[in-house]
Amino acid sequence: MDHRRNEEGGEEDESREGYDGVPVEVWKSLGEPGLQWLTKFLNNIARSARIPKAFRDSIIVPIFKSKGDVMDCANYRGIELIAHTMKIYERLVEMRVSDVVEIASDQFGFVPDRSTIDAIFIARQLMEKYREKNKPCHIAF
């Protein structure tokens, strides 16, 4: 597990607890023996392809978007709180997969340095061009 130091030194707020109630500082404080244990543990999960039930549990917390009526549910977005151990596992899997999987050039969501706002802008530009030429335009978004 080459990426374990990156995860240990991540940007987590050490005072925050995960869904399981364990703060990320616990993993950071275990040192090399803890990292070795965590490496074995996560590699066993990867080999067995069986994620512990406690890792699959989460809670969704509504976060106000800072605009509109606070009483309107549409003005909230949800964030998922999961165990820090699962966050570490997810990031490691993402790092390993991103070296192998190619992301399509038309993928905008959940991609670094790309935004769905950019995709909307491009779609609107396309629609305007077709409208100017009085041609039909069919878009799936």
Cα centroid separation, the range 122-138 to the range 74-121 (Å): 30
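By how many nm would the segment from residue 49 to residue 111 lengthen if fully extended, with 0.36 nm per residue of separation less the alpha-carbon distance?
On the way: separation 62, 0.36 × 62 = 22.32 nm, distance 2.53 nm.
Roughly 19.8 nm would be gained on extension.
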Amide N of the range 37-55 lying under 12 Å from the label point, which is placed 7 angstrom from the Cα of residue 22 along Cα→Cβ: 37-39, 41-42, 52, 54-55
Charge tally in the Cβ shell below 14 Å around residue 58, where Lys, Arg are +1 and Asp, Glu are -1, residue 58 excluded: -2
Within the chain, longest stretch clear of exposed GluC sites (Glu not before Pro) (DSSP loop, no more than 10 other Cβ within 10 Å): 12-101
Under DSSP loop assignment and at most 12 Cβ neighbours within 10 Å, longest trypsin sites (Lys or Arg not before Pro)-free interval of the chain: 68-132
Label corresponding to semi-axes √(5λ) of the Cα gyration tensor in Å when calculated from the structure given, among (1) 39, 22, 13; (2) 22, 18, 12; (3) 25, 17, 15: (1)
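Using the Cα centre of the range 25-85 as the reference point, and only Cβ charges (+1 on K/R, -1 on D/E), how large is the resulting charge dipole? Debye, rounded to the nearest 20.
Values: 9 positive and 6 negative charges, 60 e Å.
Once rounded to the nearest 20, the dipole reads 280 debye.
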Backbone HN-Hα couplings from phi across the range 133-140 [Karplus 6.51/-1.76/1.60, Hz, Gly and Pro as x]: 8, 6, 10, x, 9, 10, 10, 10
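A short reminder: the numbers here are calculations on the coordinates, not readings from a lab. None of the values given here were measured: they were computed from a predicted structure. We place every Cβ from the backbone using ideal geometry, glycine too, and count neighbours over all the protein chains shown.
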